[in-house]
Amino acid sequence: MSETSKVAVPDWSGGKKVMAGDLFLGLYQPSPETTGFWEGVARQELLFKWCDACARAYHPRRMICPQCSSTALSWKPASGKGKVYSFSEVHRAPTAEFAKGAPYTVGLVETPDDVHFFCRIFAENGASIAVDAPADLEFRTLENGYRLPVFVVRGAAAK
Amino acid sequence: MSKLANTCAIVGITRAIGLKGDKEKKTPLQLVVEACAQLMRETGIDRTRIGALFTGRMPRSYMTLQYSQSLVNELKIAPMFSTEVTSHGGGALGTLELSVLALEAGLIDYALCVTGEASPIWIDMIGGSANWEADLQFEAPYGPTTPSLYAQSACRYMHEYGITPEQMARVAVENRKWALHHPYAAMRHKGPITVEDVLKSPMIASPLRLLDCAPWFPGGIASAALITRADIARNTCAEPAYIAGFGQWNTHEWVGERMGTRGVEPFSRGPSMVHTGAGVAAKQAYAMAGITSKDINIAETSVPFTYANLLMLEELGFCAEGEGGRFVEAGGIDFDGGLPFNTTGGYLSFGQSGQGLYLLKEIVDQMWGHAEGYPVPGVKAGLVHGHGGPLACHSVMIVSKEPTC
């Protein structure tokens, strides 16, 4: 991410450039086709790319509607609702930083916008994370210090 | 049946191994050159006759632009075609597929296909690989690991078909039995394991436990294969392996994107975590070869988790959709009497070292009685499956001792 940008984006590389050998993996940083998403995250809004003609949502970073080949796609807020499609509780975390929160759950949440959104999934009030469990959008700060869109499965107290 | 069936054959296949503990550690380029040099010596086909060089993806431990040219330069060959074939691990067998096209068209007479990787010697594979299979911008910030990404598909597979942890564990148990006989298998000194051992092993990323996951091969492996037309092979090679059929299918990149892929096979019934391109590639390969899974005497797959082996047994046609668990439970891949499956010990017990042609070499070696590990008698036809990108890219190849049609 360029230092001149005003967009608050998750620099999950910990300030280091992402290198693979001698290659700088610059494409994995927010770039013009994805900054819209991260601008939304900074405002605590989850945005999907929409094709207006097909009324279909896509995630992430679609530049062309696979259905009608339109390139006139725009960012619009997600419904904020969803249900768990798949999940995995991570016991062996990828880094020492993430290990502070382990075990934690990552998974796919199916939203009414017909998107399968990969994110962190939390459970509250004694709820357990299971396939088809309803979940709501929230923004939470993770172990890496970034405030990101996540989904929360709520227990009985929230019903 | 395609006109490509059996038009070409593998007339030599070699491999070089370097281990983590070796006094002089080897780079992937050293290993690849070693395998190629041995191949040219064994086949008597020298550098002046190589018409094409196709490599798998550039090794993580030897990242250089124009990787295939590094090898052209080192071997001092002058091929008509030189390129990397890199649909993740699907590219390893893709090298042979492109070779067949160029050979059958009569543009060249010999193609050299190579893969090599030595990352476990040079890179911290545990720390360095955790995010490698994730979309670094949209998935990695949530802290997934490679097992937790594959686990998304395991979760759906169990949910949709009732696959049990015990059925998954059976794959690890049977794969281990083969590994105990292989001089290079990563887990050969660890002894046999039981279903209970797998179920008691530490949870890594639910539902996957330690023994549901592939260990890294403790070193590097390079493999090299020489391919030519069947008419040349018949007159010059005592032990050819005919390329009877092949298929390849690539659908997406990253786990999250899988569910956004619609309107193409294998998602004609809608997005899915449990239908993969392996099924499409296998159908292509069987159709080309003019045979069915019943004619296959040995099979190798590159999937690195127990459940994925069950899923691949379905996708590769050895049992019906959703039946992988019951097939294995009923002894379908038993070391004693089942389909010889992952006969080096597989990714689960031989270990993972990039995606190479060494699985193909295992089949050719078994076919001609040169296996390094436990011998499988009477192999006439074998199937190998290469894959990558969490079940995103798939290649299937059927090789045969005699032309299948």
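May I ask you to verify whether B:Ile204 is of a type in the set (Val, Ile, Thr), over 29 Å from B:Ile13 (Cα atoms) and more than 14 Å from every other protein chain (Cβ to nearest Cβ)?
no
If a residue has to be basic (Lys, Arg), within 14 Å of another protein chain (Cβ to nearest Cβ) and over 15 Å from B:His387 (Cβ atoms) to count, how many in the stretch B:250-281 make the cut?
1
Against the condition over 19 Å from B:Thr95 (Cα atoms) and in contact (Cβ under 8 Å) with a residue 60 or more places away in the chain, how does B:Thr48 come out, does it pass?
no
Filtering the stretch B:130-141 down to residues that are within 7 Å of chain A (Cβ to nearest Cβ) and farther than 16 Å from B:Leu208 by Cβ, which residue is modelled with the lowest pLDDT?
Looking at residues that are within 7 Å of chain A (Cβ to nearest Cβ) and farther than 16 Å from B:Leu208 by Cβ, I get B:Asn131.
So that you can scan it fast, the table gives a plain yes or no per residue for (1) away from every other protein chain (no Cβ under 11 Å); (2) part of a loop (DSSP other than H, G, I, E, B):
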{"position": "A:Lys49", "(1), (2)": "no, no"}
{"position": "A:Ile64", "(1), (2)": "yes, yes"}
{"position": "A:Ser70", "(1), (2)": "yes, yes"}
{"position": "A:Ser79", "(1), (2)": "yes, yes"}
{"position": "A:Gly82", "(1), (2)": "yes, no"}
{"position": "A:Glu89", "(1), (2)": "no, no"}
{"position": "A:Ala93", "(1), (2)": "no, yes"}
{"position": "A:Phe98", "(1), (2)": "no, no"}
{"position": "A:Gly101", "(1), (2)": "no, yes"}
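All but one of (1) surrounded by fewer than 19 Cβ atoms within 10 Å (Cβ to Cβ); (2) over 25 Å from B:Glu253 (Cβ atoms) hold for B:Ala185; which doesn't?
(1)
With respect to B:Glu34, determine if the residue is within 26 Å of B:His370 (Cα to Cα) and either at pLDDT below 95 or among the acidic types (Asp, Glu) (or both).
It is true that B:Glu34 is within 26 Å of B:His370 (Cα to Cα) and either at pLDDT below 95 or among the acidic types (Asp, Glu) (or both).
So which residues in the stretch A:106-120 are acidic (Asp, Glu) and part of a strand (DSSP E or B)?
Matches in the stretch A:106-120: A:Glu110 only.
Does B:Pro144 satisfy the criteria of being assigned to a loop (DSSP other than H, G, I, E, B) and either within 13 Å of another protein chain (Cβ to nearest Cβ) or of a type in the set (A, V, I, L, M, F, W, C) (or both)?
The answer is yes for B:Pro144.
Considering each of B:Gly56, B:Gly90 in turn, give the residue that is in contact with an Asp or Glu (Cβ under 9 Å, 6 or more places away or on another chain) and either within 14 Å of another protein chain (Cβ to nearest Cβ) or crowded, with 24+ Cβ neighbours inside 10 Å (or both).
It is B:Gly56.
Among the residues of the stretch B:37-45, are any surrounded by fewer than 24 Cβ atoms within 10 Å (Cβ to Cβ) and of a type in the set (Ser, Thr, Tyr)?
yes
With respect to B:Gly56, is the statement that it is touching a Lys or Arg at 6+ places or on another chain (Cβ under 7 Å) and within 26 Å of B:Gln248 (Cβ to Cβ) true?
So B:Gly56 fails the test.
Identify, please: which residue in the stretch B:198-208 is surrounded by 17 or more Cβ atoms within 10 Å (Cβ to Cβ) and touching a residue at least 24 places away in the same chain (Cβ under 8 Å) and is, among those, nearest to A:Val90 (Cα to Cα)?
Across the stretch B:198-208, the extreme among qualifying residues is B:Ala205.
Any idea how many residues of the stretch A:121-146 are within 22 Å of B:Pro141 (Cβ to Cβ), part of a strand (DSSP E or B) and in contact (Cβ under 8 Å) with a residue 40 or more places away in the chain?
4
Looking only at the stretch A:51-62, filter to residues that are assigned to a loop (DSSP other than H, G, I, E, B) and of a type in the set (A, V, I, L, M); which one of those is surrounded by the fewest Cβ atoms within 10 Å (Cβ to Cβ)?
A:Ala55
The values are calculated or read from the model by the stated rules, or taken from the named source; none is laboratory data. In this text the structure is predicted, and so the values were computed from the model without any measurement. Neighbour counts are summed over all protein chains in view; Cβ atoms, including those assigned to glycine, are modelled from backbone coordinates with ideal geometry.
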